[in-house]
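Before any comments, here is the structure.
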Amino acid sequence: MSQRIYLAIDLGAESGRVVAGLWNGRTIRLEEIHRFPNGPVYLGDSLRWDVVRLWAEIQNGLALAAKKYGQGIVSVGADTWGVDYVLLDRRDEMLGQPYAYRDARTNGMMEKAFKKVPRAEIFAQTGLQFMQFNTLFQLLAAKERTPELLEAADCLLFTPDFIHWALCGSRAAEFTIASTSQCLHPLTRNWATSLLKKFGLPARMFPKVVPPGTRLGALRPGVAERTGLRKVTVVAPPAHDTASAVAGVPTANTGKPNWAYLSSGTWSLMGVEVKQASLSARTRELNLTNEGGLDGTYRLLKNIMGLWLVQQCKRAFDACGRKYEYGQLAQMAAKAPPLRSLVNPDDSRFLNPPDMPKAIQDFCRETKQPVPKTEGELVRCAYESLALEYREVLGWLEELTGNRIEVIHIVGGGSKSGILNQFAADACQRPVVTGPVEATAMGNLLVQVRASGELSTLAEMREVIRKSSEVATCRPGKPAAWEDASARFAALRARPF
């Protein structure tokens, strides 16, 4: 067959890009067409996304793809982070500048919500991990601060859904991104309207939920003309980037319960692929989440703070004139004393501190541990603490599923971190298979390939990924030191935060 081209729009918290997938009927090869910076912007005292600039960059990337591949392009679809949204009125005018999930307006909103609807009832109707930036709590903050915008809203679109609207005019919520909101019922797989009503939130603004792989429509004529793309269809991939990444895991064990995934980046999302949401009291107690996956699956997982800790340390070092590449920081961490100082990555102080190194040092000081001082000590503290949380979550996943997990697949940008991957293998005492780095883009693109009729099953998609990418394996070692550190870490996690 002749080569066919599919385009993925992949937005992350630090950068966005347009990626071409070159499909030959057996393997897929990725080519980055356009990369551009992203990041929240302070507007007054609030933290926002500049979605208009992002849309301009996306169109630039599409135009570059059109120049290079022309009539060979079949479809395009977008994936992004979860929870954040854009409001449109009845005339499709954007209402306000969208908030970024780390904005402080949701501070204290969970506690206010629990006074109106008990925590257990919210979990039963949504199955989601409680995090203050979930869409539900963002909307409650909006109801408190800017009720006039909610009153004027005719449609709520999550970030990738907004991009699809900009591309083709669709007003739809793709299932996997909708499932990050804490507004979707995990059994009906539709909006939790009774819960929304109890909170006084307008259910009318929530659009139809569609499964990944849905063909949303042709490009708007203006978009086609500006970019040079012709006869290109917009297809909803798993629009939550983690859902695309999980679809892109190169496991040969699809449908079996003996493997776990860890999508490693700004966030670490560790979980298992299950057929039904887990709504037990124990799942709620452990604060795990049920997010939608491909083919009606659920991703039973834990959101962990992730490489944000290291990224923000690097940012602080850069600001002080100590500029290092991530590889240099990893080398410094490797030379630092092992398992000396640990933090709880999920402590709320680490969500968006003005000075991450100071936040880590304060935590260690408060818990009477040696205070890390050098760049290497700080970064090693972050890496080892993440690995120990992976160990803890692994145990929870085995408990909830009743199955032993034999292997952990680490995908995404964090899979390039050799030191963290080895720490994960050592802490969890499981082999860790790393790669592909491009799991999210691969998952996005191969769902589009499948939507065009060229693949049938998730297992077939993952076979393509195994043929198209390189992986490596980290073998576990040094169990005794990590056993001792695990007990110390558990004591830190038991502290209120």
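Worth pointing out:
- Rounded to the nearest 20, the Cβ-based charge dipole of segment 48-148 about its Cα centre (Lys and Arg +1, Asp and Glu -1) stands at 120 debye.
- Antiparallel DSSP beta bridges within the chain, as percent of all bridges there, nearest 5: 70 percent
- Most positive-pole-ward Cα, ALA316, MET356, ALA281, against dipole of segment 226-377 from beta carbon charges: ALA316
- Ordering of 237-243, 249-255 by burial proxy (mean other Cβ atoms within 10 Å per residue, highest first): 237-243, 249-255
- Probe 1.4 Å, protein heavy atoms only - accessible area per residue of segment 12-59 in square angstrom: 46 Å²
- Between the residues SER456, GLY96, GLY414, the greatest Cα displacement towards the positive end of the dipole of the chain, with unit charges on the Cβ of Lys, Arg, Asp and Glu, is found for SER456.
- Accessible carbon and sulfur surface of segment 186-251 relative to its total accessible area, %, 1.4 Å: 54 percent
- For segment 407-452, the equivalent ellipsoid derived from the Cα gyration tensor has semi-axes of 27, 11, 5 Å, listed largest first.
- Selection among GLY327, THR367, GLY402 by position relative to the dipole of segment 309-450 gives GLY327 as farthest towards the positive end (Cβ unit charges, Cα centre).
- One quarter of the convex hull surface built on the alpha carbon atoms of segment 7-150 amounts to 11.7 nm², the projected area averaged over directions.
- Per-selection Rg to Rh, segment 281-416 - Cα, Kirkwood hydrodynamic radius: 1.01
- Rg in Å to one decimal, and Dmax rounded to a whole Å, for segment 305-375 via C-alpha atoms: 11.8, 31
- By average C-beta atoms within 10 angstrom, highest first, the peptides 43-56, 299-312: 299-312, 43-56
- Heavy-atom accessible area per residue - segment 166-216, 1.4 Å, Å²: 37 Å²
- Estimated FRET transfer efficiency (GLU31, GLU463; beta-carbon r; R0 25 Å; 0.05): 0.70
- Considering helices alone, the calculated mean residue ellipticity of the chain at 222 nm is -12500 deg cm²/dmol, with DSSP H runs of length four and up weighted by -39500 (n - 2.57) and normalised per residue.
- Qualifying aspartates and glutamates (Cα of each under 17 Å from Cα of LYS275; at least 8 residues distant if same chain): GLU291, ASP295, GLU398, GLU399
- Karplus-derived 3J(HN,Hα), 6.51/-1.76/1.60, for each residue of segment 145-160, Hz, glycine and proline x: 9, 9, x, 5, 5, 5, 5, 7, 6, 9, 8, 9, 10, 5, 3, x
- Accessible surface computed residue by residue for segment 105-160, with neighbouring protein chains in place and a 1.4 Å probe, gives 37 Å² per residue.
- Residues of type aspartates and glutamates that LYS323 reaches as a straight line, Cα spacing below 12 Å, ignoring anything fewer than 8 places off in the same chain: GLU375
- Under the Karplus curve 6.51 cos²θ - 1.76 cosθ + 1.60, θ = phi - 60°, whole-Hz ³J(HN,Hα) for segment 453-463, x wherever Gly or Pro sits: x, 9, 9, 10, 10, 4, 4, 5, 4, 5, 5
- For segment 197-291, the alpha carbon positions stretch 53, 45, 26 Å along the principal axes, listed from largest to smallest.
- Each Cα pair of the chain feeds into the Kirkwood radius, which the Stokes-Einstein equation turns, at 10 °C and 1.306 mPa s, into a diffusion coefficient of 69 µm²/s.
- At 1.306 mPa s and 10 °C, Stokes D of segment 13-88 from Kirkwood alpha-carbon radius, µm² per second: 111 µm²/s
- Cα-Cα pairs of segment 343-443 separated by more than 18 Å (percent): 56 percent
- Charge dipole of the chain (Cα centre as origin; +1 on each Lys and Arg Cβ, -1 on each Asp and Glu Cβ, all else neutral): 200 debye, rounded to the nearest 20.
- Over 28 Å between alpha carbons, listed pairs LYS197/LYS256; LYS314/LYS416; LYS115/LYS208; LYS68/LYS208: LYS197/LYS256; LYS115/LYS208; LYS68/LYS208
- Peptides 442-453, 285-296 ranked from most to least packed, by the mean per-residue count of other Cβ atoms within 10 Å: 442-453, 285-296.
The values are calculated or read from the model by the stated rules, or taken from the named source; none is laboratory data. Given the structure is predicted, the values throughout are model-derived calculations rather than measurements. Neighbour counts run over all protein chains shown; Cβ positions are idealised from the backbone, glycine included. For the accessible areas, the whole protein counts, side chains as well, though only heavy atoms, and no ligand, DNA or RNA atoms are used. Shrake-Rupley method; radii C 1.70, N 1.55, O 1.52, S 1.80 Å.
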